Amino acid sequence: MRMGSSLGKDTGVSLCKTPYFIILDAHCRFYTKDWLDILERTILSNPDTTLYCCGCQYFNNEDDHQDPKHVIAYGAYFGHKKDRLLRAEWNTRKLSDEPFEIPAIMGANYVCNKAWWEKINGFRGLVLYGREEEFISLKCWMLGGKCMCIPSIVTGHKGRTKEAPVPFKC
C-alpha cells in the first residue's frame, strides 16, 4: 500500500524499539565510515529534544559515488523573500566542526529521540506532499526543541533526475 513519505516515516518510527531512531531515505547513503560512533557521542551529549541532520552531498548520478565537485550542505535556513517564505534553503556554510544549531534539518537524513518525535506528533498534520523538513523543524522549534547539524557525518543524496512522483490520495 502506498502511503506516502511522511506517513511511511511516522509508521517506521512507531515500530522502533529503541530510544533513538535514524531515518535515511532510500536514495541516500552514509559516506562517513564511523558515522555511528560520532552519532552516539553527539546524541548522548545533547538534550533529548533535539532533531538532527547530517552533512549532505549529492551523488555523481552517473556512477552513484561521492563527487568532490558537489558542495556539502549543512541543514537549512528559511528564506526571507516573499515568494520563498518558510521554504528551506540549503545552508552551504560549515559553521563549526562540532555539531551546531540550525534553523531547519535538510537532506533526507534525520536522527531523533523517539519520545520527542511522538511528543511533537511527527509528521501528523502535514497534508501535502513535500515540505516535510520545514514542517518537522518548525514543530520542533515551536515546542521548545532545536535542530542541529552534525557536520562530521556526511550522507550522500541522489538527486532527482525525473519529475516528482505521481500524486496519490490518502
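Brief remarks follow.
- Protein accessible area in the chain, 1.4 Å probe - carbon and sulfur %: 56 percent
- Probe 1.4 Å, all protein chains present, accessible-area order of His27, His80, His157, largest first: His80, His27, His157
- Cα gyration tensor shape for the chain, rounded if a/c is under 1.5, else prolate or oblate: rounded
- Beyond 32 Å in Cα-Cα separation lie the following of the pairs Lys17/Lys82; Lys69/Lys114; Lys82/Lys158; Lys17/Lys139; Lys17/Lys69; Lys81/Lys114: Lys17/Lys82; Lys69/Lys114; Lys17/Lys69; Lys81/Lys114.
- Per-residue [θ]222 nm for the chain (sum of -39500 (n - 2.57) over DSSP H runs n ≥ 4, rounded to 500): -6500 deg cm²/dmol
- Rounded accessible area per residue of the chain, 1.4 Å, Å²: 60 Å²
- Spin-label proximity, Arg87 to segment 105-129 - amide N less than 19 Å from point 7 Å beyond Cα toward beta carbon: 105-108, 127-129
- Percent of beta bridges antiparallel (DSSP, the chain, rounded to nearest 5): 70 percent
- Residue among Pro103, Pro68, Pro151 with the largest mean-square fluctuation in a Gaussian network model of the chain, springs linking Cα atoms under 10 Å: Pro68
- Pair Met1, Lys33: separation of 7 Å Cα→Cβ label points (nm): 4.4 nm
The values are calculated or read from the model by the stated rules, or taken from the named source; none is laboratory data. Bear in mind the structure is a predicted one, so any value in this text is a computation, not a measurement. Positions of Cβ are backbone-derived with ideal geometry, glycine not excepted, and every protein chain shown enters the neighbour counts. In case anyone asks, the SASA skips ligands and DNA or RNA and just uses the protein heavy atoms, side chains included. Shrake-Rupley method; radii C 1.70, N 1.55, O 1.52, S 1.80 Å.
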